1. Translational D (Stokes-Einstein, µm²/s) of the chain at 25 °C and 0.890 mPa s when Rh comes from the Kirkwood sum over C-alpha pairs?
2. What list of ³J(HN,Hα) values in whole Hz, one per residue of region 51-57 in order, does the Karplus curve 6.51 cos²θ - 1.76 cosθ + 1.60 (θ = phi - 60°) give from phi, with Gly and Pro shown as x?
3. Nothing charged except the Cβ atoms of Lys and Arg (+1) and of Asp and Glu (-1): what's the magnitude of the dipole of the chain about its Cα centre? Round to the nearest 20 debye.
4. Tell me, what is the percent relative contact order of region 6-101, built from C-alpha pairs under 8 Å that lie six or more residues apart?
5. What net charge do the residues around Thr9 carry, taking every other residue with its C-beta under 12 Å from that of Thr9, with Lys and Arg at +1 and Asp and Glu at -1?
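Bear in mind that the values in this text are calculations on the coordinates, not laboratory data. Everything numeric here is computed off the predicted structure, so don't read it as measured data. Reconstructed Cβ throughout: ideal geometry from the backbone, glycine too, with neighbour counts over all protein chains shown.
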Amino acid sequence: MIVDSEIFTFTDSAPAAVEALQREMAAALADGQTRVTLDLDPIPTLDIAGIRGLITLLRRVREAGGEIALRTSRADICRTLAVTGLDRVFSVDSCRSGPEVAA
């Protein structure tokens, strides 16, 4: 755990996996975390189900009074976040710099 953010891993965009992740994040927020970070690198692809899951997680975390940040070093995920506009909705670590985000 990082001082100001607990890191969670997004590995599966199936609804049951998103719900389980949502419960884990809610527990962290209940324990006093105000910011959680979601590592997107392990997910095979950020498809529509994954995007829907991210939006659901964001809504739940904000309802609990917290904030969520995304972290990825993968160019494909950075492009998906940019094309969908989610890079303006979420705080995204790693997409704003580095050669791997070149189009």
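1. 180 µm²/s
2. Taking θ as phi minus 60°, the curve returns 4, 4, x, 4, 5, 4, 4 Hz for region 51-57.
3. On the way: 11 positive and 15 negative charges, 67 e Å.
The calculation lands at about 320 debye.
4. 28 percent
5. Residues close to Thr9 contribute a combined charge of -4.
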